[in-house]
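Beneath this line is the structure, given in structure tokens, with notes to follow.
The values are calculated or read from the model by the stated rules, or taken from the named source; none is laboratory data. Bear in mind that the values here come from a model prediction, so they are computed numbers and not experimental data. A quick note on method: Cβ atoms are made from the backbone with ideal geometry, for glycine too, and the neighbour counts reach across all protein chains shown. Calculation scope for accessible area: heavy atoms of the full protein, side chains included, ligands and nucleic acids excluded. Shrake-Rupley method; radii C 1.70, N 1.55, O 1.52, S 1.80 Å.
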Amino acid sequence: MKVHTFVTDTQNPQIRGRQIGERWAEQIRQTVSLYLDFFSQVDVDPAQVRQLGEASLGALEAWSPALAQEVAATAEGAGLPVWQLAALNARTEILAVMPTPPEGECSTAVFAPRGAKAPRTIQTWDWHDALVPNGLMLQLTGSTGLGVKLFTEFGMLGKIGVNSAGLGLHFNILHHRSDNDSAGVPVHAIARRLLEEARSVDEAIALARSARVSASTVLTVFSRHDASPRAASIELSREATAVVLPREDGWITHTNHFLAPELVPGERTLDVSTTYARLDHVNGNLDAMTGRTLASRASAMCGDLGEQAPICFHPDLALAPKERWETLLTIGIDTEQFELEYAAGNPVVLARSGSVRF
């Protein structure tokens, strides 16, 4: 994956959308084409893709008109029908109707004990390598005037990021039996609005609870300020929204299964998924993962197994694209300096070859 960067300072969502759409038209059109083909590969009917995309955009318009306007303007700037960009932003909602949920992706660890020191974080982003030849680091000024820096796929509103109020957000997909085709607010849009508006973990939780969702995801949020709570994993599902707080020592970790007791009975992750092994692996290495530098945390996260650790995915090119996974990004969030630190690759790649700050 090649990572690009873009900075925009307008607070007007329509102007921002057109800027992004025009500047990155080639990458956005490519991403849309890849996803529309992928939906067919996983047996989601094209008519249903369009219906879910349009209905999810309607849900977004009711919950956040400005973000819905940005989607429409980005589509216009990129020369695409609005429904296609709406479907891209609703990719999690569309994949939620698959008969069999995907294997899983992403491992997150946040160390946020009480005190003056800012949280120390790390996440791997694992996804189908064929879908993401390019990724975007985007800096913008949000609707309330907060600065936002985020990583996302081209054409999508948001994913992983930080704002100038010192709130950071990591993002992991989940699967629940209540996931359905009711076309809720896209979870990627929820992540974006939290980054634009929330100044504390409590505010982020309240905003997340206000959205009606149809697909499951966990947003792990944390603050540079010594508040209570200082961090939380917000588990979103159609059935309910639950909050998981850090352990007594300040650690909060997540992979791709529910941890909140009220949502665990509805878990829909396959028994063969790696999510449980990855969480056990991360939790087993926490004592060594409190290092000040992201490189030290990345190395410790893999441990003695290195690139063979379960948190590192390597694509098998003999498999079909829908069956291939790769650790495309390793990223840490610096809430004190308002920066994202990352490398395109797994944690060993970052520890060995260095990282980029944005």
Three principal axis lengths of region 119-177 [C-alpha, angstrom, descending]
35, 26, 24
Once you have the Cα-Cα distance between Glu22 and Arg114, take 0.36 nm times their residue separation minus that, and quote the gain in nm to one decimal.
28.7 nm
Site Glu336, offset 7 angstrom along Cα→Cβ, radius 20 Å on amide nitrogen, limited to region 191-206, gives 200-201
Which of (1) 0.90; (2) 1.05; (3) 1.19 gives Cα Rg over 2.2 N^0.38 Å as computed here? It is (1)
Most positive-pole-ward Cα, Ala68, Ala47, Leu140, against dipole of the chain from beta carbon charges
Leu140
Where nothing but the Cβ of Lys and Arg (+1) and of Asp and Glu (-1) is charged, how large is the charge dipole of the chain around its Cα centre, in debye to the nearest 20?
800
At what distance in nm do the modelled label points of Ala62 and His314 sit from each other, each positioned 7 Å from its Cα along Cα→Cβ?
4.8
Around Leu52: net Lys/Arg minus Asp/Glu count, Cβ-Cβ under 11 Å:
-2
With n ≥ 4 as the cut-off for DSSP H runs, can you work out [θ] at 222 nm for the chain, using -39500 (n - 2.57) per run divided by the number of residues, rounded to the nearest 500?
-10000 deg cm²/dmol
Length gained if Thr8 through Tyr276 is fully extended, taking 0.36 nm per residue and subtracting the Cα-Cα distance, is 92.5 nm
Charged-residue dipole, Cβ positions (Lys, Arg, Asp, Glu), region 219-324 about Cα centre, Debye nearest 20:
380
Give me the net charge for the shell around Gly21: Cβ to Cβ below 13 angstrom, other residues only, Lys and Arg +1, Asp and Glu -1.
0
Average accessible area per residue (Å²) across the chain - probe 1.4 Å, nucleic acids and ligands excluded:
36
If you roll a 1.4 Å probe over the chain with all protein chains in place, what percent of the accessible area is carbon or sulfur?
48
Dipole magnitude of region 23-101 about its Cα centre (Cβ charges: Lys, Arg +1; Asp, Glu -1), debye to nearest 20
120
